[in-house]
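The values are calculated or read from the model by the stated rules, or taken from the named source; none is laboratory data. Here the structure is a predicted model, which means the values were calculated and not measured. All Cβ positions, glycine included, derive from the backbone under ideal geometry; neighbour counts span all protein chains shown. Quick note on the areas: whole protein, heavy atoms, side chains included, nothing else; ligands and nucleic acids left out. Shrake-Rupley method; radii C 1.70, N 1.55, O 1.52, S 1.80 Å.
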Amino acid sequence: MEFQHVTVLLQETVEGVFRDPAGTYVDCTLGGGGHSALILSKLGPEGKIVGFDQDPLAIANAEKRFQGDSRVILVEKNFETLEESLASLNLLPVQGIVFDLGVSSPQLDEAERGFSYMRDAELDMRMDPSNPISAKTLVNEWSAEELAELIWKYGEERWSKRIAEFIVQYRQEKEIETTGELVEIIKKAIPVGARREGPHPAKRTFQALRIGVNDELGVLERTLDQVIRCLAPGGRVGVITFHSLEDRIVKEKFQSWLGRCTCPPGFPI
């Protein structure tokens with residue numbers, strides 16, 4: 001399958017981060033290569049772009065797309081290895097870092113990856129296929145309390161307890177194997193009146209499971225701690241977020257970098 005992804009906020013993000021044509025830039029979420037390609041078009045011969053992705057399909061696509069361009073360095077790892085990987089490549093510090101968080105459209109489109117509640121497939125949701133834990137593991141092995149907490153914390157789903165109870169009740173008869181089975185369980189758990197409004201009834205639960213399987217928020221928080229150490233003076237970072245949980249982590253981390261004003265009270269400004 002060809003890894004194609006329509007990049008949102010492409011121009012805005014690159015314009016906000018890019019400064020030096022001879023600099024080194026990092027695309028932490030390579031995906032279809034949209035951000036990397038635009039940065040590459042602005043780079044001079046001395047510049048470099050480092051693309052991270054834990055999905056082998058994304059790396060294989062980028063190898064084809066950027067074939068023969070020595071300015072491109074691809075790293076088939078989770079971006080949590082940012083500082084360690086850049087140090088091993090002797091590329092620290094860098095001038096700019098870009099994150100485009102969440103699941104990419106090719107991962108949703110490839111039904112067998114099990115990310116989508118719109119396509120019936122085996123429950124999976126792993127961005128890194130070597131990850132031993134999948135969504136199937138969570139729904140079949142976690143307790144009702146653990147599932148309810150996960151669905152509430154990462155999906156902000158008001159019916160999290162009922163959904164968790166229905167999941168545990170269903171699996172007493174048989175293992176939950178597919179996205180279609182899980183969608184039907186969720187639909188039965190959420191009262192009919194509540195299903196008439198808002199997004200697809202399975203949207204929040206699927207989001208929570210995906211975040212849990214891939215430890216997305218934990219990885220984001222740990223990586224942002226590395227970002228400030230990886231950037232050169234005057235360097236910039238751009239982060240595209242898609243839901244409030246990611247957004248909150250990024251904004252709070254940026255705020256912590258700014259620090260608090262240490263001027264004495266009443267000091268003239």
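Values as computed for the structure displayed
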quantity: Probe 1.4 Å, all protein chains present, accessible-area order of 7, 223, largest first; calculated: 7, 223
quantity: FRET efficiency, 1/(1 + (r/R0)^6) with R0 35 Å, evaluated for residue 194 and residue 141 via beta carbons; calculated: 0.80
quantity: DSSP beta bridges in the range 12-98 [antiparallel fraction, %, rounded to 5]; calculated: 0 percent
quantity: Cα gyration tensor shape for the range 159-222, rounded if a/c is under 1.5, else prolate or oblate; calculated: oblate
quantity: Carbon/sulfur fraction of accessible area - the chain, other protein chains in place, 1.4 Å, %; calculated: 50 percent
quantity: Degrees, to the nearest 10: 56-65 long Cα axis against longest axis of the chain; calculated: 40 degrees
quantity: Computed [θ] at 222 nm, deg cm²/dmol, the chain (DSSP H ≥ 4; -39,500 (n - 2.57); rounded to nearest 500); calculated: -13500 deg cm²/dmol
quantity: Reach of residue 161 by Cα under 20 Å, taken over aspartates and glutamates that are not fewer than 8 positions away in the same chain; calculated: 141, 145, 146, 149, 173, 175, 181, 184, 197
quantity: Shape of the range 181-269, Cα gyration tensor, a/c cut at 1.5; calculated: prolate
quantity: Potential lengthening between residue 169 and residue 256 on full extension [0.36 nm per residue; Cα-Cα distance subtracted]; calculated: 26.9 nm
quantity: Residue order for 184, 197 - accessible surface, 1.4 angstrom probe, largest first; calculated: 197, 184
quantity: Charge dipole (debye, nearest 20) of the range 20-178; +1 at Cβ of Lys and Arg, -1 at Cβ of Asp and Glu; calculated: 340 debye
quantity: Whole-number accessible area per residue in Å² for the chain, which is evaluated in the context of all protein chains at 1.4 Å; calculated: 52 Å²
quantity: Probe 1.4 Å - accessible area at residue 15, Å² to nearest ten; calculated: 110 Å²
quantity: Long pairs among 136/188; 153/253; 77/187; 188/251; 153/251, criterion Cα-Cα beyond 28 Å; calculated: 77/187; 188/251
quantity: Share, in percent, of DSSP beta bridges within the chain that are antiparallel, nearest 5; calculated: 5 percent
quantity: Cα-centre dipole for the chain with unit charges at Cβ (Lys and Arg positive, Asp and Glu negative), debye to 20; calculated: 780 debye
quantity: Rounded, prolate or oblate (a/c below 1.5 giving rounded, otherwise prolate when a/b exceeds b/c) for the range 1-92 by Cα gyration tensor; calculated: rounded
quantity: For the chain, with +1 on Lys and Arg beta carbons and -1 on Asp and Glu, the positive-most of 223, 267, 62 along the dipole; calculated: 267
quantity: Distance (nanometres) between label positions extended 7 Å along Cα→Cβ at residue 91 and residue 232; calculated: 1.4 nm
quantity: Largest to smallest accessible area among 200, 35 [probe 1.4 Å]; calculated: 200, 35
